[in-house]
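The values are calculated or read from the model by the stated rules, or taken from the named source; none is laboratory data. Treat the numbers as computed from the prediction; the structure is a model and nothing was measured. Cβ placement follows ideal geometry from the backbone for every residue including glycine, while neighbour counts extend to all protein chains displayed.
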Amino acid sequence: MDSNGDGIGDLNGITSKIGYLKELGVDVVWLSPIYRSPNDDNGYDISGYREIMGDFGTMEDFDRMLDALHAQGIKLVMDLVVNHTSDEHDWFKEACQSKNNPYRDYYIWSRPGEDGGPPNNWEAAFSGSAWEYHQPTGEYYLHMFSKKQPDLNWENPKVRAEVYDLMRFWLDKGVDGFRMDVITLISKPFTPDGRLPSAAIVRDGFLQPGFSMVANGPRLFEFLREMNREVLSRYAGLITVGEAPIATTQQGNELTDIETGVLDMIFHFEHMEADYAKGIDGGKWVPASLDLIEFKDIITRWQVELHGRGWNSLYLCNHDQPRPVSRFGDEGLYRVESAKMLATFLHGLQGTPYIYQGEEIGMTNMPFSSIEQCRDIESINMYRVATTVQGKPPEQVLAAIRAKGRDNARTPMQWSAAPHAGFTTGVPWIEANPNSKEVNVDAALADPNSIFHFYRQLIALRKSNRILVDGEYSLLLREHREIYAYMRTLGADRWLIVCNFGAGSPEFSLPNSEHFTSARLVIANYPLSPTHEARSFTLRPYEARIYQLL
């Protein structure tokens, strides 16, 4: 929410909407970065860790917002971005002065490769080489993301001490924890001679995925245990969430183990790739439909293998993902039904649910008609490479951005049917979705059957039924390509969750091995007759039901 008409959401805007968050039932707010930044990557390029970006307000505004959240019993989690900084951070400016500068070793530098080019074959996340040449000193620096986001050298104990100090700064202010951006990339696989090896060749003639080389590096747990010892363990009741690309369930357990882990939970990405095209020429930007069986297998593996040991983060979207109702549901005829179904599926699982802004009213992807409407560096770079280097038709590339681009999640929150979705009285930094006249908070609050009020019911269920917190998960009907059904069990209590992931009308039948004498309907996204059958029934498009089996 923009409070001052400059077209950019701000801290005072958040403060003005805390009542809305309280009504929804959330317990914690996680903010994307609000620190001083040139904004090359929407604030994930930080130039001042102890300052508020001027567009968002002042430190006094922050303190007021934090107090207002706490007054409503809502905690605040900050985004900790310490794999890299901005190239405009004072540390990096100093590092560029000379090879002998005290800050030089705060970053990762390397002499050119044998051919005079980059030191290895890694590709950065936002296209191009992961290395940028610095002419004045004759060396390359590493950046796993934008060239304006140089990676910090965590091998240097001074860097780690700086990170721990800035963490204490925010914790001493009263924040309640951190979501740690790409934290599993901080330990790089240096060879004994201090170099970083090339990645295995996946495609001849192309740069190779660098993430596979830097995720879960050799000193990751050492660094995180030190962080826990020096900072996290000294503050009571903190919430810690680690973003963990390429994480396995084994690593998830190691990181979040109740007894020996270093974080409360992690974000893994496996289920977010169940609708990626497979093979060398596949990936995020190649159109593909959701493989529901693969999706079930991924969710089930994380549910089963972390049960009783670690803890899951539950999400279908965030600032890096498109809108779930457009991706996994139906943004048209069945927008309301499919949004409620996806919410039911997510809130029935074990873990902590994350609701991204606008998800609770069924906001959809943006119908971008030109690349000029986009603001995200990833989409803009991909469009340039795809159209100019690879020769792909612009409309084909735009279609991929409309489906998977990160800007889909970053359009203004749709508060009302007013111009610019009621987000600002000025011109928004990115256009609002034109469907805001119909899809908005005002309309949702006024409709007792809205997606918003359905989310409120699901959140209330989780807070009043231990089975949704502690119950074991078991998958049903694995081979079914339309229905995702599973059980939650806690002692003698059993809940059945059934979700239709399509617009068809499939038949659900509970396996004969599952016995019950009666069933109590807990929640559903369609009206049901009092005498409906609970063991076997026909599901309507995107229908979802939860039963307690007695």
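Some observations on this one:
- Members of the stretch 278-292 that are touching a residue at least 60 places away in the same chain (Cβ under 8 Å) and either under 22 Å from Tyr383 (Cβ atoms) or part of a strand (DSSP E or B) (or both): Ile280, Lys284, Trp285, Val286, Pro287
- For beta carbons closer than 7 Å, sequence separation of 6+ or different chains, a first residue in the stretch 219-231 that is buried (at least 16 other Cβ atoms within 10 Å of the Cβ) and a second that is assigned to a helix (DSSP H, G or I) and of a type in the set (Ser, Thr, Tyr), the qualifying pairs are Leu220/Thr184; Met227/Tyr164; Glu230/Tyr164; Val231/Tyr164.
- Yes/no for Val182 being touching a Phe, Trp or Tyr at 6+ places or on another chain (Cβ under 7 Å) and touching a residue at least 24 places away in the same chain (Cβ under 8 Å): no
- Residues of the stretch 159-168 satisfying the condition of being surrounded by 13 or more Cβ atoms within 10 Å (Cβ to Cβ) and not aromatic (Phe, Trp, Tyr): Val159, Arg160, Glu162, Val163, Asp165, Leu166, Met167, Arg168
- Tally, over the stretch 35-62, of residues that are assigned to a helix (DSSP H, G or I) and more than 17 Å from Phe178 (Cα to Cα): 6
- Residue check, Gly358 over 24 Å from Thr300 (Cβ atoms) and out of contact with any Leu (no Cβ under 6 Å at 6 or more places or on another chain): yes
- Residue among Glu94, Glu23, Glu88 that is over 25 Å from Val427 (Cα atoms), without any contact (Cβ under 8 Å) to a residue 24 or more places away in the chain and charged (D, E, K, R): Glu94
- Pairs meeting the criteria (first residue in the stretch 423-447 and farther than 19 Å from Asn408 by Cβ and in contact (Cβ under 8 Å) with a residue 12 or more places away in the chain, second residue among the aliphatic types (A, V, I, L, M) and surrounded by fewer than 21 Cβ atoms within 10 Å (Cβ to Cβ), beta carbons under 7 Å, at least 6 apart or on different chains) are Asp442/Ala417.
- Single residue of the stretch 372-401 satisfying the filter (under 25 Å from Glu331 (Cα atoms) and free of Cβ contacts under 8 Å to residues at least 12 places away in the same chain) that is surrounded by the most Cβ atoms within 10 Å (Cβ to Cβ): Ile380
- From the list Ile18, Ile8, the one residue that fits, being touching a helix residue (DSSP H, G or I) at 6+ places or on another chain (Cβ under 6 Å), over 23 Å from Ser379 (Cα atoms), modelled with pLDDT of 95 or more and not hydroxyl-bearing (Ser, Thr, Tyr), is Ile18.
- Scanning the stretch 326-369 for residues that are more than 18 Å from Met272 (Cα to Cα) and basic (Lys, Arg) gives Arg335, Lys340.
- Residue within the stretch 526-534 that is surrounded by 12 or more Cβ atoms within 10 Å (Cβ to Cβ), among the β-branched types (Val, Ile, Thr) and either assigned to a strand (DSSP E or B) or modelled with pLDDT under 95 (or both) present: no
- Per this entry, Glu337 is not counted among residues that are part of a helix (DSSP H, G or I), within 16 Å of the chain's Cα centre (by Cα) and modelled with pLDDT of 95 or more.
- On the stretch given as the stretch 1-15, residues that are of a type in the set (Asp, Glu) and over 9 Å from Asp61 (Cβ atoms) total 2.
- Any chance Phe267 is more than 30 Å from Gln390 (Cα to Cα) and more than 16 Å from the chain's Cα centre (by Cα): no
- For the stretch 402-422, a tally of residues being in contact with a helix residue (DSSP H, G or I) (Cβ under 7 Å, 6 or more places away or on another chain), free of Cβ contacts under 8 Å to residues at least 40 places away in the same chain and assigned to a helix (DSSP H, G or I) returns 1.
- Selection within the stretch 1-22 - in contact with an Asp or Glu (Cβ under 7 Å, 6 or more places away or on another chain) and not in a loop (DSSP other than H, G, I, E, B): Leu11, Asn12, Gly13
- Residues in the stretch 349-386 that are hydrophobic (A, V, I, L, M, F, W, C) and either farther than 18 Å from Val286 by Cα or outside any helix (DSSP H, G or I) (or both) were compared, and the one that is modelled with the lowest pLDDT is Ile377.
- A single entry from Asn216, Asn156 fulfils the requirement of being surrounded by 14 or more Cβ atoms within 10 Å (Cβ to Cβ), of a type outside the set (A, V, I, L, M) and on the phi > 0 side of the Ramachandran plot: Asn216.
- 1 or more residues of a type in the set (Ser, Thr, Tyr) and either at positive phi or surrounded by 13 or more Cβ atoms within 10 Å (Cβ to Cβ) (or both): qualifying helices (runs of 4 or more DSSP H) within the stretch 430-516: 451-464
- Qualifying residues in the stretch 234-291 (those that are touching a strand residue (DSSP E or B) at 6+ places or on another chain (Cβ under 6 Å) and of a type in the set (Ser, Thr, Tyr)) - the one modelled with the lowest pLDDT: Tyr276
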